[in-house]
Amino acid sequence: MSKKLFSKLEKELSLLEKAIIKVLRSNYSKKSMNKNAKSFELTNVEQQNYSNGLDLLRNVFVENPGAKEPNYLRDLSARSSYIYHYIMPNVQRWMHAFMVCRTPDLIVKQKDVNILDIGAGPATATISFLLANYKNYTGKVKVFLTDYNQSIMKDGKFILEELAKNLKIDLEVHIHGGIQKGFPSYVNNVDFVLMGNVWNEGLSSHKNAQTKTLNYWVDSIKKVTSDNARFLFMEPANRRSSRLLMAMRDYFSTHQGFSILAPCPSTVVNKPCTLNKIKGRPWCHFGFDSFDGFILKSSSIQSGISHERLSYSYLWLSFKDKLKSEIKIEARAIGGPMKIENGFGVYVCHKNGRVVLESQERRTLPVSGQSIVKGVKTKKVGVELRGEIIEKKPEVEKKPFINPNKKITPKSKVNSKKVISAIRKPAQRTKKDQ
């Protein structure tokens, strides 16, 4: 299923691979490697050269998450390794969320769009957003990148401009270092705020510290966003990062100024997370089979880490009551298919809690992250909830309101007898019909 989704964007992903290789060779290659400039695949020597900073990145991301030096990308080898090893899998994570989420009103067609990417790194979140949604914008796409390290953002700008040139996007990119002193005056009327792998690096696990940080963030972000702004956060799928997002979700669900767009079902957006009530404290995350191009395959070999299956957690918000839709999400798949007695099942988040959605056939189950807009009927089986999708009853058609005190003018009168007669009378066949 995931590979079919990505096949629709094979052209865009191919352009991204070429842009990544181009920025690596332009900014991180020795002169002796320039002979490979026209090739669209990296040599073994290049792959090894762009993997020299992996140990540093592993220490930052895996061994000591949340306690890192913020400007760790000052190291040249760390930057090249980040671009080679992390952009492509992270882009696919974002794109998968965009394609399967089906969140109403998240992406709408408009002329111009302003994007603020906080903790941008090489603009991974913005790259993903544009590759998945660029056809929705016919005018100017203005991007504001902010992070500690200016060099990695310049690499991201390079990639964005390469993509814009090939995809005919009217693009304007601005770079700004950090947000401690606020945003510059040119950052305003922002439509989308993107943050990828940022909160797990800087948000404390302690509730009081979390609240203080989030309060400051809310005060800062309101100054630069439009009324219809949407806020898209993505984090790793590990327990710590996912549960940080779940804590943020509960903060924003009770905050008077915000509404939850995803991943929560419509019926629980302003209530505490249902997963927090379950013994064992599971976490909300999603997985999928990746689209394996050259960079993903070669970087997997160099790192010894398989990228065949990728996962992530996310949270999307809007200002309260600014985005409304007729579509109501009843549940969302939060796991992959599993074998159960008498068939297959998948975990879904539902207003009643975590439910095992049952089906006789694996292929009829929703994929991880997919929303369910049909009804879900639940029942208790042992210690867990089981469910099945049911067709909703059609809504009763609302009759138009007629004011009994309003006088009908002669022009608006309708001869009901003539109308009924015309409907019942069979159509006359012409010679041409015969």
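Observations on the structure shown:
- No other residue among 160, 194, 130, 171 is closer than 22 Å to residue 319 by Cα and of a type in the set (A, V, I, L, M) apart from 194.
- Restricting attention to the range 180-205 and to residues that are buried (at least 18 other Cβ atoms within 10 Å of the Cβ) and outside any strand (DSSP E or B), the residue that is farthest from the chain's Cα centre (by Cα) turns out to be 183.
- Among the residues of the range 174-226, the one identified as within 20 Å of residue 134 (Cα to Cα) and free of Cβ contacts under 8 Å to residues at least 40 places away in the same chain is 174.
- First in the range 46-64 and more than 19 Å from residue 294 (Cα to Cα) and not assigned by TED's automatic domain parsing to the domain that holds residue 20, second anywhere and crowded, with 16+ Cβ neighbours inside 10 Å and of a type outside the set (A, V, I, L, M, F, W, C), Cβ under 6 Å, 6 or more apart: none
- Scanning the range 144-167 for residues that are basic (Lys, Arg) and crowded, with 19+ Cβ neighbours inside 10 Å gives a single hit, 157.
- Close pairs from the range 361-375: first under 14 Å from residue 387 (Cβ atoms), partner of a type in the set (Asp, Glu), Cβ under 9 Å, at least 6 apart: 365/358; 372/330; 374/330; 374/391; 375/330; 375/391
- Filter result (farther than 24 Å from residue 27 by Cα, touching a Leu at 6+ places or on another chain (Cβ under 7 Å) and in a helix (DSSP H, G or I)) within the range 133-156: 134
- Any hit, the range 116-125, residues being touching a strand residue (DSSP E or B) at 6+ places or on another chain (Cβ under 6 Å), of a type outside the set (Ser, Thr, Tyr), in a helix (DSSP H, G or I) and in contact (Cβ under 8 Å) with a residue 24 or more places away in the chain: yes
- One residue stands out in the range 317-329 among those that are buried (at least 20 other Cβ atoms within 10 Å of the Cβ) and not small (Gly, Ala, Ser): the one that is modelled with the highest pLDDT, namely 317.
- Here residue 49 fits the description: at pLDDT 95 or above and more than 26 Å from the chain's Cα centre (by Cα).
- Any hit, the range 302-309, residues being at pLDDT 85 or above and either assigned to a strand (DSSP E or B) or not assigned by TED's automatic domain parsing to the domain that holds residue 18 (or both): yes
- Selection of the range 223-243 for residues being within 18 Å of residue 95 (Cβ to Cβ) and not aromatic (Phe, Trp, Tyr) yields 230, 232, 234, 235, 236, 237.
The values are calculated or read from the model by the stated rules, or taken from the named source; none is laboratory data. The shown structure was predicted, so the numbers you read here are calculated from the model rather than taken from an experiment. Neighbour counts are summed over all protein chains in view; Cβ atoms, including those assigned to glycine, are modelled from backbone coordinates with ideal geometry.
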